[in-house]
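What follows is a short report on a single structure.
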Amino acid sequence: MDEGTTTLRQICGYKQVGLCALFGALLVSLGSTSWMAPSHLQSSIAHLPKTATLPKLMSPAVKYRSRMTAHDSVPDHAAHVVARLPPIGSPSASRELHLKTLYSVLHLDVLALFGSLVAIVVFATQWWHRRPSHSHFATRTLGSCAMMATSGTVEPCSLPLSTGITMKYLSCEPTKPSTLPLVLFVHGSLHGAWCWAKHWMPYLANHGIGSVAINLRGTSGAPPPPGYNDGKKLVPLEDHLQDLSAALIHFANQGRPVVLVGHSFGALMAMKLMERPEIRALCSSTGGATMPALAGLSLLCSVPPVGNGPMVGRMLKETPVLAFKVTWGLAAKRVKFNVDLCREVFFNKEMPAATVEEYMRHFCEDGDYSLNLSEVNANLPVLTADASGQASWVGDQGLSPASVLVLGSEKDIIVDTPGLQETGRFCGTQPVILKRAAHDVMLDSEAWQDGAEKLQHWVESLS
């Protein structure tokens with residue numbers, strides 16, 4: 001195993017240990033509010049007001065209590081707290097105060113042991129779980145596009161931006177000249193320009209539609225300069241928007257209308273991009289014979305304009321285990337190293353392991369930096385909506401609702417159907433919901449063409 005591979009796995013291991021420790025601590029905290037008090041505190045609980053109802057007993061707690069005797073004394077670490085309990089019957093002796101105080105001093109050593117054991121089990125399971133081989137960390141060059149394109153010609157290109165970085169991008173043109181708009185693809189987290197080149201770019205080229213796919217700052221195709229952001233592996237939202245603005249204006253000034261297509265967090269950034277005056281100006285300037293320079297916007301499996309919060313809440317309520325998997329896979333970036341988890345989060349379940357591993361190699365290369373989510377949450381698109389809750393850039397001030405396509409899928413476990421509907425309402429249009437595809441629609445081994453066809457027909461309708 002080479003030195004780079006060893007370092008990467010060490011870093012991964014440190015993050016994993018920290019997350020497991022945090023998970024164990026969470027169990028301790030939760031457990032301390034639901035275990036039954038041992039016998040030496042029963043007398044205090046017995047004098048609580050009759051309205052005080054204890055939570056349901058957990059069987060481990062009952063077994064633990066059965067080992068206590070009436071001669072047990074209050075532990076030293078609990079004695080001073082119990083001594084400060086208000087007299088029974090006093091106005092301040094509320095049910096909540098007694099219960100919370102008593103539970104806070106129970107034998108947390110047992111709970112800590114339980115939480116630690118669970119953390120160890122989680123760690124061991126992840127450690128021995130199926131992982132990609134060290135070949136996943138081999139370096140690839142962006143110019144190697146033969147493995148990505150099934151048909152058509154995908155060419156690597158570079159674009160020096162006024163923002164100080166050189167953005168590598170991929171280009172795929174039809175064999176015959178076309179008057180249809182150019183599609184500009186913007187990827188989401190952990191992805192890069194490569195995700196569009198496998199299926200969608202060649203497909204569109206074969207139907208007369210040219211496309212370019214850019215790499216966002218922080219990926220292998222647009223590395224930040226040395227010392228960027230004081231060494232933090234976070235890209236400020238404004239940096240992304242400035243890069244996107246410069247790239248979009250560049251392509252819109254090439255004499256051909258442009259259609260902007262964003263996926264997941266890339267779609268959320270596309271909505272934020274539309275708020276900028278220089279981009280809205282493209283919606284009225286002439287980019288072709290009959291179309292403006294920016295002819296349309298497509299939001300694919302987009303993070304809703306209200307952010308991820310409501311979706312996460314729904315997921316925690318309806319499918320808590322799945323919520324944990326998605327959070328573990330994305331926030332902790334475990335999808336970069338766990339084949340089964342990666343497949344479940346991003347792809348259809350029929351996708352072969354070898355194909356998943358191929359994409360995981362890209363995730364490892366393009367997932368070093370993260371979007372600054374605190375900035376995103378403080379600047380969500382919904383915060384700039386008009387009085388009706390609709391995007392300020394839809395209508396006379398920008399794009400018409402007909403020139404906005406909201407596209408998603410029922411089988412997407414990251415962005416649910418209510419989330420797609422929220423995005424549709426924000427854009428003043430009805431979302432188009434596919435039946436078979438997963439979150440990475442453009443890479444779906446079974447249904448990628450379903451989404452590609454919808455995009456193709458919509459682009460054709462704009463001309």
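The values are calculated or read from the model by the stated rules, or taken from the named source; none is laboratory data. Please read all numbers here as calculations on a predicted model, not as lab measurements. Every residue, glycine as well, gets a Cβ built from its backbone with ideal geometry; the counts of neighbours run over all protein chains shown. The area values use the complete protein model at the heavy-atom level, side chains included, leaving out ligands, DNA and RNA. Shrake-Rupley method; radii C 1.70, N 1.55, O 1.52, S 1.80 Å.
Out of Ser220, Ser171, Ser245, I need the residue that is closer than 25 Å to Thr423 by Cβ and at pLDDT 95 or above. Which one? Let's see the steps before the verdict.
Values: Ser220 fails: closer than 25 Å to Thr423 by Cβ; Ser171 fails: closer than 25 Å to Thr423 by Cβ.
Among Ser220, Ser171, Ser245, only Ser245 is closer than 25 Å to Thr423 by Cβ and at pLDDT 95 or above.
Residues of segment 436-463 being in contact with a helix residue (DSSP H, G or I) (Cβ under 9 Å, 6 or more places away or on another chain), farther than 16 Å from Val406 by Cβ and not in a helix (DSSP H, G or I), which ones? Passing the criteria: Arg436, Ala438, Asp440, Asp444, Ser445, Ala447.
Considering only segment 298-331, how many residues are open to solvent by 20 Å² or more (accessible area, probe 1.4 Å), in a loop (DSSP other than H, G, I, E, B) and over 25 Å from Ser445 (Cβ atoms)? Write out each step before concluding.
Narrowing segment 298-331 to residues open to solvent by 20 Å² or more (accessible area, probe 1.4 Å): 306, 308-310, 312-322, 324-325, 327-328, 330-331.
If we keep only those that are in a loop (DSSP other than H, G, I, E, B) as well, we get 306, 308, 319, 331.
Narrowing the set further to residues that are over 25 Å from Ser445 (Cβ atoms) leaves 306, 308, 331.
Residues meeting the conditions: 3.
For segment 370-417, a residue qualifies if it is within 25 Å of the chain's Cα centre (by Cα), acidic (Asp, Glu) and outside any helix (DSSP H, G or I), and the qualifying residues are Glu410, Asp412, Asp416. Filtered by the rule that a residue be farther than 30 Å from Glu446 by Cβ and of a type in the set (Asp, Glu), segment 369-414 gives Glu375, Asp386, Asp396. Of all residues in segment 226-242, those being over 16 Å from the mean Cα position of the chain (by Cα) and among the aliphatic types (A, V, I, L, M) number 1.
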